[in-house]
Amino acid sequence: MKTTIPVWISCFVALLTLDAVPWQSALAQEATRADFEEFCTAVEGRWVGDVTLTADFEGIGKQGEKLILYGDYQTSDDTNLLVGKMYVGGGTATWNIIYDEGAHRIRTMFVTSNGDSDSAIIYKQDENWYEVGAGTTSGKPIAFKNKLTISDNGATHTWARTGTLDGKASPEQQDVFQRISNQVPASAGSKAFREFGESIVGLWEGDITFIKKWPGQQQGRGEKVKSYSEYRWINNKHAILRVDYCGDDSGIQIFTWDPGTKQIVDFACRASGITGRATLRKAGERTWIATLNSVHLPDGSPLSGGIIYEFSEDGSEFKISGQVTENAQPLDPLRDVYKRLR
């Protein structure tokens, strides 16, 4: 997990050399393949933390706003790539980390749903990790040096940041992240599914703001409608059925625990022709994240992204946030609220 928005944005499309970035002596630091593997082991898993935005970010939040960031980091391509997916405010981001054998450097590449990006290198010094890089935020250049301190036997990550925004020094920032888990074993996942069911089973009224003009709906983007959803246990509590009426459309959704993939999965179909599949995971005491895996509009246009469920402590409401894209183009942030009727 990187720290604030301008800190954890890296370039997704290119491996930059960063020769023009300040702190040139730091950029001379090399890393070994063993360093890369050690860093991946330290970061891989699921994390949650509070971040403070150091600038305004369209679709995410305003400068000084404190938000919860959820991160999911997994190795890929025979452990040659570490991929991190983050959810914060109304936006998402992807952090890609590789080991450059030729240059002997750990390189990072990142992009957010609002188009900001940066690129950096990572190296270890004096038992701490450092990330040094540059990029753009809202069209303005940024440069940064981040320090990662690992404590509590790897369960706590503290990111401290110094840097510049548009040539001016940014406020020093420190954000703390707690590990949620490395992996979800079958028993824990099955338990998590039951916890989700206990939180959501019931009848709910939702205040929905459309993030686009949906098929089969009279209302358009930005307009508000009411939604009525009933979630109930079925099949001896091995699944949850949702029946939903929203505006001029209706739909059904089934959640269940897949012991083969060790994931909570859900399948949805709406009267308007929208169909899809997603996976759901627990990200906090009362927070869940759904990742859209194969969701399509009636014309075949793909939807992707992440949806965050946040339940109140007393169980009387839950909020929906997150970011969805259509044909890789971000839609408006999700900002829906559901109140329990029974």
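For the chain, take the longest principal axis of its alpha carbons; what is the angle in degrees between that and the long axis of helix 33-43, to the nearest 10 within 0 to 90? Rounded to the nearest ten degrees, it is 40.
Normalising the average separation of contacting C-alpha pairs (under 8 angstrom, six or more residues apart) by the number of residues puts the relative contact order of segment 173-272 at 21 percent.
Once both labels are positioned 7 Å from their Cα atoms along Cα-to-Cβ, the gap between THR164 and SER151 label points is 3.1 nm.
The packing ranking of peptides 169-177, 114-122, highest mean first, is 114-122, 169-177, where packing means the average number of other beta carbon atoms within 10 angstrom of each residue. Given the alternatives (i) 60, 42, 38; (ii) 101, 61, 46; (iii) 80, 42, 38, Cα extents along the principal axes in Å as computed for this entry is given by (i).
Give the residues of segment 295-332 whose amide nitrogen is closer than 15 Å to a point set 7 Å from the Cα of PHE267 in the direction of its Cβ. It comes to 295-296, nothing else.
Qualifying GluC sites (Glu not before Pro) in segment 298-342, where qualification requires a DSSP coil assignment and no more than 14 other C-beta atoms within 10 Å, comprise GLU313. Among the GluC sites (Glu not before Pro) within segment 78-165, those in coil by DSSP and having at most 11 neighbouring Cβ atoms inside 10 Å are GLU101, GLU127. Normalised by the number of residues in the chain, what is the relative contact order in percent for Cα pairs under 8 Å and 6+ residues apart? About 13 percent, as a whole number. Please state the shape class of segment 128-254: rounded when a/c is under 1.5, otherwise prolate if a/b exceeds b/c and oblate if not, all from the C-alpha gyration tensor. Because a/c hits 1.5 or more and a/b fails to exceed b/c, segment 128-254 counts as oblate. From its DSSP helices (H runs of at least four residues, each -39,500 (n - 2.57)), the chain gives a residue-normalised ellipticity at 222 nm of -2500 deg cm²/dmol.
With angles folded into 0 to 90 degrees, how steeply does helix 186-200 sit against the dominant principal axis of the chain? Use alpha carbons for both and round to 10. Its long axis makes an angle of about 50 degrees.
Laboratory data are not the source of any read-out in this text; all were calculated from the coordinates shown. What you are looking at is a predicted structure, and each value in this text was computed from that prediction instead of being measured. All Cβ positions, glycine included, derive from the backbone under ideal geometry; neighbour counts span all protein chains shown.
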